[in-house]
1. Would you say V549 is open to solvent by less than 30 Å² (accessible area, probe 1.4 Å) and out of contact with any helix residue (DSSP H, G or I) (no Cβ under 8 Å at 6 or more places or on another chain)?
2. Being at pLDDT below 95 and polar (S, T, N, Q) is the requirement here; does T831 meet it?
3. Consider the stretch 654-678. How many of its residues are part of a strand (DSSP E or B), of a type in the set (A, V, I, L, M) and under 30 Å from N459 (Cβ atoms)?
4. For the stretch 468-513, give me the residue count where each residue is more than 19 Å from I443 (Cα to Cα), surrounded by 14 or more Cβ atoms within 10 Å (Cβ to Cβ) and at pLDDT 90 or above.
5. Quick check on the stretch 271-285: of everything there that is outside any loop (DSSP other than H, G, I, E, B) and in contact with a Leu (Cβ under 6 Å, 6 or more places away or on another chain), which residue is least open to solvent (accessible area, probe 1.4 Å)?
6. Looking at (1) surrounded by 20 or more Cβ atoms within 10 Å (Cβ to Cβ); (2) under 22 Å from R472 (Cα atoms); (3) of a type outside the set (G, A, S), which one does L440 not meet, given that it meets all the others?
7. Filtering the stretch 812-823 down to residues that are surrounded by fewer than 20 Cβ atoms within 10 Å (Cβ to Cβ) and under 20 Å from G693 (Cα atoms), which residue is nearest to the chain's Cα centre (by Cα)?
8. Quick check: is even one residue across the stretch 355-374 among the basic types (K, R), under 30 Å from L251 (Cα atoms) and either open to solvent by 40 Å² or more (accessible area, probe 1.4 Å) or not in a strand (DSSP E or B) (or both)?
Amino acid sequence: MRLAPVFWLAALAGAPLAAPQVIETGPGLGLEPQGARGEIVESIRVEGLDHTPEQSVISALGLELGEPYDRAKVDEGMHSLWRSFKIIVLNFSQVEREGGGIDVIVRVREQPVDYEPRFVGQEGISTAKILEWADLSERAELYLHEAGRVRHRLITAYRQHGYHFIEIDVITTGGDDDPEGGAPDVIFEIREGLKVRVSSVEVSGNDSLPDTGWGFWKGGLSDLSDRQTKGQGIFSWWGRVFVEEVLRADLVAMRQVYRDRGWLDAKVELLPLVFSDERDRVQVSIIVDEGPQYVVKSIAIQAVERFEDEQGNIVEQDAELFFPEAELLEKVEMKPGVPFEKARLRHDRRAMRDFYGKRGYIAFDGADETKGWQLLEPLIVTDFERKEVLVTYRIHQGRQRFIREIKIRGNHHTRDRVIRREIGVMEGDLADIVEIERSLRRITGTGFFVDRQNPEHPNPAYRFIETDDPDRVDLVYTVEEGRVVDLQLSGGVASDSGLVGIISLSMRNFDATDLPSSFWGTFGEVYRKEAFHGDGELLNIDLSPGSQVSSWRIRYRHPDIFGTHLNRWSLDNEFSQRDRIFRSHDEDRTRAVMTLGRRFFEQDVTVSVGPIYQTVDIHDLDESDDDLAGSKVPDTLEDSKGKSNFRGISFGVRRNLLNSRMSPTEGTLERWNNSIYGGFLGGDNDLIKSEVGYDRYWLMGPEEQEVRPGFFLGLAAGVATSTGQPGSVNYSERFFLGGSSTLRGFRFRGVGPNQGDYAIGGETMLRGTLEYRFPLLSAPLPGTSQRREVFRGLFFIDAGLLDPDAFEVDLDEYRASIGFGFGLVSPIPLTFNFGFPLREGDGDETEVFSFRLSLR
């Protein structure tokens, strides 16, 4: 019965110890005592303890008086004894009694421990922080054999905080090696040195990827590699803290940037660091040898069949392509003569996945490797002499799949049909991965299964499940009910509308027929989504008092009034009143609209039509104090004074391909809205008003990067014409430009042509805007590897034109502005714009700064 020799020698030498290792001694493992198994334990004696209670050792060993001896339990107990108390068993014996039973004697050795290790010499770092770094903040004791590991942890932590020249000595006294038998004592002598900061970083040789720009608008190698080692700058006056580990990671990232862009021979090397005399500053010099950029010599696509042999191994053999190679090559960006770039590989993987996936050859996790579509590792042959690359894409095409059943999971309160009407594939259809993912975006876009207040809330997802039929799969969409009931007490301010307060009840995924079980239980059941929930309807009730604008609104929308599922009809009813104080006049507008819409599912097109009734009261005009000076307001406003009734019909067409309804970053939105008033419909005004708009969002940069810069293009044109007396379009229905959302750099409604002190408004309108948006700050989403944009900057150019006559365009009346802005994207929408007119007209009112803030 003995310890393993290596463990025994380590114990005698006082070297750092791991858990006891035992060798086989007879029928079992461990320090197996002589004697029969199962004898009753009559007494237990533990020898060699100094500070650990004997009963704690006995309990850890699994021994109990009066109970049968259990060898397996004791073997496990020896390991537990080490884990809990750092105690090793030197000898384990048992003595049999004449009358039966055994006496157990255990000889142990405790590891030397210092109950109050000391740290001396530190100046820049507190003792509490050192204990945290040493992993001793939760316990006071330090076993002597752990001192080396603690020293290593402290040196690593110090260097991560810029103490490059940190030195730590461990002084140990007492313990088993002390002839006088003194108590163990560990002292960490710390010599911090000065914190080192980076004074400058010079990168040379990066001729193809030079560092250009400044601040948020920089580009080049350092920006592409996201280099973290940086010198003095406007946001780091003294330079960043020098961490050698971070610098080494920067070098790796810079090398990878070159590899990803075709410079396969590129070398990025660090020259000797130059420290200041005080050793608190360092100059970093990085030299780049780019070498030539490799280009693609040829590109081919090869089909590979994968199957399982008799031994269960996956075997590959050449196969015939299901589609012409030329047709596939049209989809890829990797073409002869272009640089060999990893971004092209990523694009081509996605393009071929979509090409095959649209035809039912799907790739999904858990698929049999011999069935699911896969783009295997490309065959890349590099000619290092000619600096050329031959690329062969290898595709396991799998088999064509159809959808057997579509299942919805996680919708505990939402009806299946609410989700299914967003899904563009049917049971029995080809498993079209493009439409399946588009359907997922529609489900997410409903907002029913997201919770913007909880970043850890999972987004909707889909997966495939194999079935008994190898040609059919089940499609499963998984959702989790989100936050769809909002009762908000809000406040906000905008340069266009002043201070405003909002009392709002919004119930998305509303169900007017899902009544609560009792009146008194209404609020609880609504909160738990057990009442008025689950049919995809919308109910909004808003009350908004303000300094310049006061309004109320009630809106109810049913997305599928006839239950036609896909090409469905919606019913939208809205009743509202808005009272607004303009600088030129006051306007009170009461409006009632009912819209019947038809959605054509495959094209994501919605056509709507419905009656409109509104009353507009224009009063309190800004009259001149001088009767001889004439009116300060334009004739178009003077002629519209008083109350007017509008009765008409609205007609609109809308095509929405945006990736998000709330914060789009990709896609397009096309719309055409028309209102026809008067005539046989009655009312005081006969006019037609039509407006067409086009919005496009697109992102720049690698697709795998969640937060990327991008562009927004917005175009619109409109015309309002009287069908009765020419030139008599009511002032309230004319077009205006200027403010925080159109033609920034001009005051709200500050764009002419003008008459008197105010704009006369246009019967024809053209406007456009182009924005470059770039992230300034992003934050990780808890529980995921993804990030979300928090703070953004933008540059913009706006242009617009108003003509007082319908279907007329006087190019001399165009206005333009340029500017920049920044804003908080989440959690509070906040935008600041600084606009500067490039072209303005007589009487225009300019405004450099505009902003919009909404507090919730």
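1. Details: open to solvent by less than 30 Å² (accessible area, probe 1.4 Å): yes; out of contact with any helix residue (DSSP H, G or I) (no Cβ under 8 Å at 6 or more places or on another chain): yes.
Judged against the criteria, V549 is a match.
2. Numbers: at pLDDT below 95: yes; polar (S, T, N, Q): yes.
Yes.
3. Pass one, the stretch 654-678, residues part of a strand (DSSP E or B): 654-656, 667-677.
Right, trim to of a type in the set (A, V, I, L, M) and you get 669, 676.
Still in the list and also under 30 Å from N459 (Cβ atoms): 669.
Here the count works out to 1.
4. Residues in the stretch 468-513 being more than 19 Å from I443 (Cα to Cα), surrounded by 14 or more Cβ atoms within 10 Å (Cβ to Cβ) and at pLDDT 90 or above: 2 in total.
5. The initial filter retains those residues of the stretch 271-285 that are outside any loop (DSSP other than H, G, I, E, B), namely 274-275, 281-285.
Those still in the list that are in contact with a Leu (Cβ under 6 Å, 6 or more places away or on another chain) too: 282, 285.
Details: V282: 0, S285: 33 Å².
The extreme case among them is V282.
6. (1) is the only condition that L440 fails.
7. For the stretch 812-823, the residue satisfying everything is A816.
8. Restricting attention to the stretch 355-374, the residues satisfying the condition of being among the basic types (K, R) are 358-359, 371.
Those left that are additionally under 30 Å from L251 (Cα atoms): none.
There is no residue in the stretch 355-374 that is among the basic types (K, R), under 30 Å from L251 (Cα atoms) and either open to solvent by 40 Å² or more (accessible area, probe 1.4 Å) or not in a strand (DSSP E or B) (or both).
The values are calculated or read from the model by the stated rules, or taken from the named source; none is laboratory data. Worth saying up front: this structure is predicted, and the values here are computed from it rather than measured. Please note: Cβ atoms are built from the backbone with ideal geometry, for glycine as well, and neighbour counts cover all protein chains shown. Protein only, heavy atoms only, side chains kept; ligands, DNA and RNA dropped before computing areas. Shrake-Rupley method; radii C 1.70, N 1.55, O 1.52, S 1.80 Å.
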